[in-house]
1. Hey, what's the per residue convex hull volume over the C-alpha atoms of segment 272-380, in cubic angstrom?
2. List, in order, the whole-Hz ³J(HN,Hα) value for each residue of segment 290-305 obtained from phi through the Karplus relation with A = 6.51, B = -1.76, C = 1.60 and θ = phi - 60°; use x for Gly and Pro.
3. In nm, what is the difference between 0.36 nm times the number of residues separating ARG61 and LEU76 and their Cα-Cα distance?
4. Give, as a single signed number, the net charge of other residues whose beta carbon lies under 11 Å from the beta carbon of ARG186, with Lys and Arg counted +1 and Asp and Glu -1.
5. Quick one: length gained pulling ASP109 to ASP321 fully straight, 0.36 nm per residue minus the C-alpha distance?
6. When Lys and Arg each count +1 and Asp and Glu each count -1, what net charge do the other residues less than 9 Å away from HIS137, Cβ to Cβ, add up to?
7. Longer than 29 Å from Cα to Cα, which of LYS46/LYS96; LYS148/LYS351; LYS46/LYS329; LYS154/LYS199; LYS193/LYS329 are they? Say none if no pair is.
8. For ARG370, what charge total do you get from the other residues with a beta carbon under 15 Å from its beta carbon, if Lys and Arg give +1 and Asp and Glu give -1?
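Throughout, read-outs are computed from the coordinates displayed, never taken from laboratory work. Small disclaimer: the values here were computed from a predicted structure and weren't measured. With ideal geometry, Cβ positions are generated from the backbone for all residues, glycine too; neighbour counts draw on all protein chains shown.
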Amino acid sequence: MRRIIGVFRRPVVAWIIALAFVCAERPAAGESARNDGDVTITVSVKSSESAKYATAETHTREDWTRAWNKAKIETLTAPSTLYTDTYVEIAEGGAKRTFAMREDGVLFDPGANRSITLSSKVRRQWIAAAGALRKRHYGEIVEWDQAKSRIPRKAIVTVVDLETGLSFRAQRRAGSSHADVQPLTRRDTAVMKEIYGGKWSWRRRAIVVTSDDGSAIAASMHGMPHGGDGIPDNGFSGHFCIHFAGSTTHRSGKTDLSHQLMVHKAAGKLPEWFRASSPELRTEAIFDALHQQDEAVLRAALQGSSSETLQTFLQWLSKADAVRIEPPKEQDGAEDAVTADISVKAAWTWKGGGVKQETVRLQFARETVRSPWIITGVESKSGSKGNSNIRKKGA
């Protein structure tokens, strides 16, 4: 018996060592050893990372748990700007972690600059789940010519703010180019004012307008009472405006870019809008996002840009109270170009006081004429670039 054991001792030891090596090399989604407990996975959709309002579904599935335990982790040395409206929360062992999900179903951990890739089958299932959630969360893009028929004058609608989830009732009173609307009661006025942080504002917000027939339409509103009144004792002196796809201002007869961006945000269609935009229009939208103080729109505009470029614009976002530019004109023959250079004069108003005018130059590139544009560089007139500190008065 001793001889038999002696014969097999060396191969057995070798087999154990080999097995230990394979197990040590197997990719795992966590930093510590796995337990055999269930993993609860919640997929959610919301209009921005900071939005309180989300539509979500929670799953406990063995196949998803196995895929998570075998997930491949990759550290990103030069992560690019990511815009997403989809998030995945992993709950296991009493701990919860939330990751951003890219369009291809790969998870991104911004705190650690890591991507986490599960099997292609599970990623397809997550993408399908996110698509179903979007249909419930967002409104439908409806052109103004149709929207004004669905919501005729005197129609009562429910307005849902996509950031807070707060809702109020309102009535369309007038408006031929867009809807002039008033809160229905004092309580509705109070909710609307709460949405705007207790202070009326011209800033645009992405909303979903639900009519009595149950249709949910993507729209945009501002929060400033103005003009004619019509509903007595509702605590709202005047009306506010709701814009839909293709609606225009009454005075100019032109579409308002701020409202149109919010309409697409309310439909979950910001990536599609920016993929189809020219460098000139994207430049205008970037500064509009800064003016409206909307980080989600800004990130969508900067999708694919370097993290240094993102940080430059986030600095501006944190310091600027308002910014205005002269919209750049479309360049002739740009359809076949793969690079673009746009300069605009920006008039900044800083939080806490102070104004400044400077020229900001944006550089764009794309792989082919069918590829979306990406910002590859930004610099101000003072010469500070995307990977440097921005020099401003009082800084």
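1. Hull volume normalised by residue count: 87 Å³.
2. In residue order, the calculated couplings are 5, 5, 7, 6, 10, 5, 5, 5, 4, 5, 5, 5, 9, 3, x, 6 Hz.
3. 2.5 nm
4. Spelling it out: positives minus negatives among the neighbours equals 0.
5. Difference between extended and current length: 73.3 nm.
6. +3
7. LYS148/LYS351; LYS46/LYS329; LYS193/LYS329
8. Around ARG370, the surrounding residues sum to -2.
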